[in-house]
Amino acid sequence: GAPASVSEFLPPAALTSLIQQACASAGAVRLTMPADGALSFAGLTWGSSTSPQVRCIEGLASPGDSVVFSGNATGAGLLVVRNADLVLAGPLRWEGWIVVTGENVSLRVTGQDTKEVFGAVTLIEDSPTLPAERFTLNVQGWLNVFYSRGGLGKAVALIPAAALEDNYAFLPTVISQDHWHALTP
């Protein structure tokens, strides 16, 4: 697969706007971090392929809080973790879009269990400076991210139409398609 890279298509402000509007929508399930800065989920099921969901988790203002997924976690739709680290510690299968955004955030992957995302994963770090020892992406286990137009479509369908319309100006004006066709003599 392709390595992680910086996208030039949508600036962080546009993505942040999309995410904020999706999390403010009527169908979004919003969770907040407890005062101790630790939120753990084991064996969760958040949405399905036929019924995707928006799940938004708001971290604390101070760094060091984390959301940990362990056990067999499955879901579909849009998962947003804001101002906290997302730690994938157990088996995971997500169909859609996972976004980790805010200040002092990271995506950490631990353990050898299979973790698969069919769609996309986006990290938006808003801190002006980070400590030298801090990693925004820290993979110490297995993580497979498979680009999936279908998975992303499930997530994008959950974002209010007005939010998408506000960001059309950021999309490329020229679309090209590269393809090949095998010929048998």
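For Gly27, the criteria (1) within 22 Å of Phe146 (Cα to Cα); (2) touching a residue at least 40 places away in the same chain (Cβ under 8 Å) hold in every case but one, which is (1).
The set of residues in region 12-45 being under 16 Å from Glu165 (Cα atoms) and loosely packed, with under 13 Cβ neighbours inside 10 Å consists of Ala13 alone. Listed by first and then second residue, the pairs linking a residue in region 37-64 that is outside any loop (DSSP other than H, G, I, E, B) and of a type in the set (S, T, N, Q) to a residue that is open to solvent by 40 Å² or more (accessible area, probe 1.4 Å) and modelled with pLDDT of 95 or more, with Cβ atoms under 8 Å apart and 6 or more places separating them unless they lie on different chains, are Thr45/Thr74; Gln53/Val29. Thr114 versus (1) closer than 19 Å to Val156 by Cα; (2) in contact with a Pro (Cβ under 7 Å, 6 or more places away or on another chain): which is the lone unmet condition? For Thr114, the failing item is (1).
Please tell me if Leu123 is out of contact with any helix residue (DSSP H, G or I) (no Cβ under 6 Å at 6 or more places or on another chain) and in a loop (DSSP other than H, G, I, E, B). In short, no.
The values are calculated or read from the model by the stated rules, or taken from the named source; none is laboratory data. Here the structure is a predicted model, which means the values were calculated and not measured. Cβ sites come from the backbone with ideal geometry, for glycine too, and all protein chains shown count toward neighbours. For accessibility, only protein heavy atoms count, side chains too; no ligands or nucleic acids. Shrake-Rupley method; radii C 1.70, N 1.55, O 1.52, S 1.80 Å.
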